[in-house]
Each structure stands twice: as structure tokens, then as C-alpha cells.
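Beneath this line is the structure, given in C-alpha cells, with notes to follow.
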């Protein structure tokens, strides 16, 4: 969504219940996001960002060069291997509890299998995970002492990757995941304000 | 050193004992590396890489665009806040023990102050730190499932940053910091072979 706004493209957004995703676009993808652009279908947010930069090269880049494209994959990998598992250990039961009944059944079953234990066990150390979370943001915190965004002087897709993980945490759990006077919080708030403050209007649902 | 080789520049390398650094180039920098290029003096490996790309734009780029320049700072920040502290908790006493007497005194004093406790306490959980280290490399491991280098299809300065941290560990401690059949080990070995296998000839001296 921020990638589309970054490119200045008009779009319509359709939030999907988990159990509806496989029925959309003839079962094109088991996961969201899915982008339909004319007759093009693309799934996965990184693939979508790559597609948008290729399809609309005259609009602001999401990567700003080949090096940025390559290193955004490292940023994504950091977010996926460090932030996502920690957020899961904090939020997985909150997410479950905000779903409707059909999605709840699907979510509990698929996540219990994926995580290898009951959701209640996954969040057993929730308070300790919340307390430990700000330390995980140390790489962003140090980077912010050099520049205002992961993308440098202005945000790129790499910022939206990390923002997306923290936004996911924000809308599913009430936990404060920043430290006191945390520059990462200021960066996150700045991201919420980007592109007509689109991020602020996103709620659990 | 790999940055200079990457740019295809001739250079002479002068390893410096800790206690000699402040006397070099009229006390230009308290830390290494220091680059002298004609009448230019630059310290700090990131600053040196930026300088080289600006001074020699016709040679292979170390960043490959503005996005790469910005995101390399995130890679550096990850290395500095995650890998360096862990390597310190594994290697600080090994480093101390390989120094000559004058450097030992300086090193023990400065590191004890910086770390807030005796070096022997810092490495008290050395075996557990070694066992936990491969998990810290998860972002690199996942990234390698998409591309062979942090820089993409070929290495950039971002690769040399992470390589440098692991090379520092390699030459100071005998510990194996990779998991079994670790793609990160293969990437590291590939980096050792870059630019006429310069990395392989580096020893504790």
C-alpha cells in the first residue's frame, strides 16, 4: 500500500479475511498482498515493489539503484527473521482473538502447525518478549544517528518493510515496543504520517 | 582493504599496534583504518568507502547507487550492534592474549572501561555465545536464498562490512561461528577468495 502511494499510483484496497484469500483471483496466491494492475497479477510485497519500479520507471523509485534493490532483500530478511518471530511471540493470540469465527479456526490450526505448539504456549512469555523487543531495534536506532530513513534522506521500500512489521504489531497488540525517547519511535511516527498519513487510518479492522 | 581492491587501486598496507595509532599522521585518528591517498586523509571504513566511490567514480562502485549507499548504513549498523558485541563476548580475551605487552596494558584498560567489567567476566559465557552465534546470522542466511551477495549478484561494500566482522572473529579466535552446512559459511569462504584471496592471507600477525 505504501509502495503504491510512493509511486503516486491510484489504487483500491480490499482487505481479505484469511479464509477468503485462496478464492480470490482464481486462487492466484495463498498469501496477501496480491496486486492486480490491468492484466498483471503479482503477489508478495517485495515482488510487487520490484514490479512497480519496473512497470513505472518514470515515477519515484522504491529502491534507488541496483545496490538498494539488493540490500532491501537484506532488510527484508532481517525483518522476517528477527522482528516477525518476536512479534508473533507477542501478538499471535491477539490476532487470533480479533478474527471472526471461521478465520479463527483456520488461523489457530495453521499457526499451531507452523509454530509447533499451542498459541497460548507461544505467547507464554509475552511480557518478557515485549521488554526485550526494543533491543532488537538497535540496528535501526544506530542507523538513525546517520540518516532519517533506511532509504537515506527520504523513505524507500526498505523503510516500508520494517514499518510494515511494526504496523502489524501496532494494530494487533496494544504493547509499546519502543524504548523511552526512542528515535525508532520518531521514525515510525514519521512513517505513519507519510503519503497523507495512510498508515494512521489502518486499524485492526 | 577489500574496498581498495574492489576499486582496483594499488595500495600499501601497514598494520598498526593499538598504541601506535595515535602517533600516526600527526594523530589524525584514534582508530583504524586510516587511508592516505595523496594529500587526502580519511578514517573509518565507511567514510573511506564513500571517499573512494566519489574520488574514483569510473571504477567499480562500492554501493551501486544512492539506495545502496543508504542501506549499507543499515548493514553496518546491524553488524555493529549485533555481530560486534557477540564477537567481543567470544574473542576479547583471545585478542588481549595475542598482543604484545604494551598493547595488552592499553587494551585491557580501555576495554575494561568500555565494557564495564573485567575481560575475564566478559567472556565468562564464551561457549554459550559461540553456540548462540549462528542464530544471529539468520538475516544473511535468508538473504542468501535469494542472491549470492548482500550486494546482489556480486559483492559490494555491504558484504565487506559483514565479512570484516567475521574475519576479525576468524583471526582472533578458533571458534566455529557457523552452523553445519551453513550457506553463510559458503558466502564467507567466497569472500575470503575475492580479489586474489586477499582475505586468506590475513592472520593474527
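FYI, it's all coordinate maths here, none of it is from the lab. Keep in mind it's a predicted model, so treat the numbers as computed, not measured. A quick note on method: Cβ atoms are made from the backbone with ideal geometry, for glycine too, and the neighbour counts reach across all protein chains shown.
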Sorted by Cβ neighbour density within 10 Å, fewest at the top, the residues A:61, B:179: B:179, A:61
Theoretical ellipticity at 222 nm over chain B - DSSP helices of four or more residues, -39500 (n - 2.57) apiece, nearest 500: -16000 deg cm²/dmol
Distances in nm from residue B:47 to the matching label points in the other copies, shortest first (labels 7 Å along Cα to Cβ): 4.5
Using a Förster distance of 35 Å, the FRET efficiency for residue B:105-residue B:36 (Cβ separation, nearest 0.05): 0.80
Average partner coverage of B:150-162, which counts Cβ from other chains inside 10 Å: 3
Test item: A:76-86 mean partner chain Cβ contacts at 10 Å: 4
10 Å Cβ neighbours from other chains, averaged over peptide A:133-144: 4
Protection proxy ranking, peptides B:193-202, A:163-172, average beta carbon neighbours within 10 Å, highest first: A:163-172, B:193-202
Protection proxy ranking of A:50-57, A:145-152 - average other beta-carbon atoms within 10 Å, highest first: A:145-152, A:50-57
FRET efficiency estimate (nearest 0.05) - Cβ-Cβ, residue A:154 to residue B:179, R0 51 angstrom: 0.85
Residue of A:37, A:121, A:26 that the Gaussian network model of chain A assigns the largest fluctuation, springs spanning Cα pairs under 10 Å: A:26
Per residue convex hull volume, Cα atoms of region B:62-154, in Å³: 133
For the protein assembly as shown, average projected area of the Cα convex hull in nm²: 22.5
Residues A:59, A:108 arranged by fewest to most Cβ contacts within 10 Å: A:59, A:108
Pairwise label distance in nanometres, residue A:9 with residue B:54, each label 7 Å out on the Cα-Cβ vector: 3.6
Hull-based mean projected area of region B:1-107, where the convex hull spans the alpha carbons, in square nanometres: 7.9
Average projection area in nm² (convex hull over Cα atoms of region A:97-205, one quarter of hull surface): 8.0
Residue with peak Gaussian network fluctuation, chain A [Cα springs, cutoff 10 Å], from A:126, A:14, A:141: A:14
P(r), alpha carbons of chain B - 5 Å bins starting at zero, rounded %: 1, 6, 14, 18, 20, 17, 13, 8, 3, 0
Closest approach to the A/B rotation axis among chain A Cβ atoms, residue and whole-Å value: A:65, 1
Ascending count of other beta-carbon atoms within 10 Å, so fewest first, for B:136, B:105: B:105, B:136
GNM flexibility winner over chain A from A:123, A:184, A:32 (Cα, springs under 10 Å): A:32
Efficiency of FRET from Cβ geometry, residue B:46 and residue A:112, R₀ 51 Å, rounded to 0.05: 0.70
